[in-house]
Each structure stands twice: as structure tokens, then as C-alpha cells.
1. Checking the structure you have, find out if any residue of region 53-63 is at pLDDT 95 or above, farther than 14 Å from Phe119 by Cα, touching a Ser or Thr at 6+ places or on another chain (Cβ under 8 Å) and not polar (S, T, N, Q).
2. Being crowded, with 16+ Cβ neighbours inside 10 Å and either under 18 Å from Glu125 (Cα atoms) or not aromatic (Phe, Trp, Tyr) (or both) is the requirement here; does Tyr69 meet it?
3. Among the numbered criteria (1) part of a helix (DSSP H, G or I); (2) at pLDDT below 95, which single criterion is violated by Ile103?
4. Determine whether Glu32 is within 27 Å of Tyr9 (Cα to Cα) and part of a helix (DSSP H, G or I).
5. Looking at region 35-54, can you tell me whether even one residue there is surrounded by fewer than 14 Cβ atoms within 10 Å (Cβ to Cβ), more than 17 Å from Phe120 (Cα to Cα) and of a type in the set (S, T, N, Q)?
6. Show the residue pairs that are 6+ apart or on different chains and have beta-carbon atoms under 9 Å apart, the first residue being within region 19-44 and closer than 22 Å to Gly64 by Cβ, the second being at pLDDT below 95 and not in a helix (DSSP H, G or I).
7. Going by the structure shown, is Phe88 touching a Phe, Trp or Tyr at 6+ places or on another chain (Cβ under 6 Å), in a helix (DSSP H, G or I) and over 21 Å from Met1 (Cα atoms)?
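The values are calculated or read from the model by the stated rules, or taken from the named source; none is laboratory data. Remember, predicted model here, so these are calculated numbers, not experimental data. Don't worry about glycine lacking a Cβ; one is built from the backbone with ideal geometry, like all the others, and counts go over all protein chains shown.
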Amino acid sequence: MNQVRERYYRSIFLISSVYDIVLGIIFMFFYEFTFEFLGIPEKLPSFGGYISLIGAFLLVIGVGYYFIYRGDLQRNYDLIKIGALYKFAYCLIVFYYFFFNSIPHIIFVSLFGVIDLIFFVLMLECVAFLKANYRR
């Protein structure tokens with residue numbers, strides 16, 4: 001693989017890793033503060049474990065992106081597809097609620113959707129590049 005192209009794709013996964021790990025930690029341990037910060041403390045479930053679980057999922061996918069970053073991109077082809085699907089799933093939920101329901105702090109929450117949409121497109125580009133340049 002071209003070294004410049006490889007560094008480009010690796011940087012996408014490193015940035016996504018840091019992004020999801022940070023969000024994961026915030027929602028695992030500081031979800032009450034986060035809901036207060038967003039001005040929606042009344043939306044916090046009575047059992048915070050639901051939010052912590054979502055945070056844990058974010059943390060784990062962030063670690064997965066880190067493994068892709070430091071590993072062999074070609075060998076991690078299937079994991080890259082899973083990572084792209086994860087970003088797509090998040091975008092789908094955010095934009096569904098953006099268009100069909102009310103999201104508190106629509107701009108703030110939608111920003112996460114836009115960021116993940118960008119990551120999704122970049123990860124799809126990586127998938128397409130790997131598919132076109134390597135026989136499976």
C-alpha cells in the first residue's frame with residue numbers, strides 16, 4: 001500500500017479512536033454532568049446503567065478503531081467494515097430523531113451525527129480502496 005495513503009487511513013482510525021474513547025469515558029462515568037451540561041437532566045433515566053452501557057460500547061469501539069490503526073489495514077478489512085457500519089448506525093439514529101422527533105440541543109447532538117457521518121464516508125473510502133487494490 002502507498003505509505004501516504006496508509007498514513008491517511010491510519011490517521012482516520014486514530015482520530016476516531018480518540019474521539020470514541022473520550023466520549024465513552026464521559027458517558028460511562030460523567031453522564032449526570034453531561035445531561036446537566038446539555039440542560040436536559042430530566043431526560044436522564046432513573047437507572048444510569050443504561051447510559052453507562054452506551055458509554056462502554058463507545059469505549060470498546062474506540063479501542064477497536066485503535067487496533068485497526070496500529071494493525072494491518074488489509075487484514076483488518078472486515079473490522080473496518082464493522083466500524084463503518086457502527087458510524088452509519090449512529091448517524092441513522094441521530095438523523096431520524098433530527099427529522100422526525102425532537103432532540104434537545106439539536107445543534108449539539110446533530111454535530112455528533114455530522115462528525116460520525118464524515119467518519120463513515122472516510123471509512124467507506126478506505127473499504128473501497130482496500131477492495132479495489134487487494135484480492136480477497
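1. yes
2. Values: crowded, with 16+ Cβ neighbours inside 10 Å: yes; either under 18 Å from Glu125 (Cα atoms) or not aromatic (Phe, Trp, Tyr) (or both): yes.
So Tyr69 passes the test.
3. (1)
4. Numbers: within 27 Å of Tyr9 (Cα to Cα): no; part of a helix (DSSP H, G or I): yes.
Spelling it out, it is not the case that Glu32 is within 27 Å of Tyr9 (Cα to Cα) and part of a helix (DSSP H, G or I).
5. Yes: one or more hits.
6. Tyr31/Leu44; Tyr31/Gly48
7. Details: touching a Phe, Trp or Tyr at 6+ places or on another chain (Cβ under 6 Å): yes; in a helix (DSSP H, G or I): yes; over 21 Å from Met1 (Cα atoms): yes.
Taking the combined requirement at face value, the residue satisfies it.
Listed here are the residues, each with its yes/no results for (1) in contact with a Cys (Cβ under 7 Å, 6 or more places away or on another chain); (2) within 30 Å of Ala128 (Cα to Cα); (3) among the hydroxyl-bearing types (Ser, Thr, Tyr).
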position	(1), (2), (3)
Gly39	no, no, no
Ile61	no, yes, no
Tyr66	no, yes, yes
Tyr77	no, yes, yes
